[in-house]
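Just so you know, all these numbers are worked out from the coordinates, no wet-lab data involved. Just so it is clear, the model here is predicted, and its values are computed rather than measured. With ideal geometry, Cβ positions are generated from the backbone for all residues, glycine too; neighbour counts draw on all protein chains shown.
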Amino acid sequence: MWLKYDVDRSGTLDPSEIRVLISEVMDYNAVEKGRDDVTLEEATRFMGFLDHNGDGVIDENEFLLFIVNAMTMTIENRINFAHRSPMHAKVMVFCTNLTERSVNIQKAIEREIEMEMK
Ligand SMILES: [Ca+2]
């Protein structure tokens, strides 16, 4: 998953790569849903939530930390977070979509293992 978005293979995600990731995870490209694509400015603001060392790019550890934090948030925490600002709400949708995707992948792997055991 990481390599797919790290287009220039720098080992980090810059705002333009993050933009693609956000668009895809949030399904912004789905024309039938009538949603706008995420702007580079939004992607840059979004990065503020992930960029712990403030170097302007997201490394794999920062990304994993973000996912782990998101996965351990309670429903109440999620709602409170989303209410802070429209940007927070977007970040929360992103987290939820991303963690759901991870759970689905995990389930698919478990199913496959189960099939092999039979
Ligand atoms: Ca960073």
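Details
- Net lengthening on full extension, Leu40/Met87 (0.36 nm per residue, minus Cα-Cα): 15.6 nm
- For a label point 7 Å along the Cα-to-beta-carbon line of Asn97, residues of the range 41-70 with backbone N under 18 Å: 41-50, 63-64, 66-68, 70
- Distance from the Cα centroid of the range 41-118 to that of the range 2-17 is 17 Å (rounded to whole angstrom).
- Pairs of lysines in the chain (C-alpha under 25 Å apart; 8 or more residues apart or interchain): 5
- Charge tally in the Cβ shell below 15 Å around Arg84, where Lys, Arg are +1 and Asp, Glu are -1, Arg84 excluded: +2
- P(r) tail for the chain: Cα pairs beyond 25 Å make up 27% of the total.
- Comparing Thr74, Thr96, Thr39 in a Gaussian network model of the chain, where Cα atoms under 10 Å apart are tied by springs, the biggest mean-square fluctuation is seen for Thr74.
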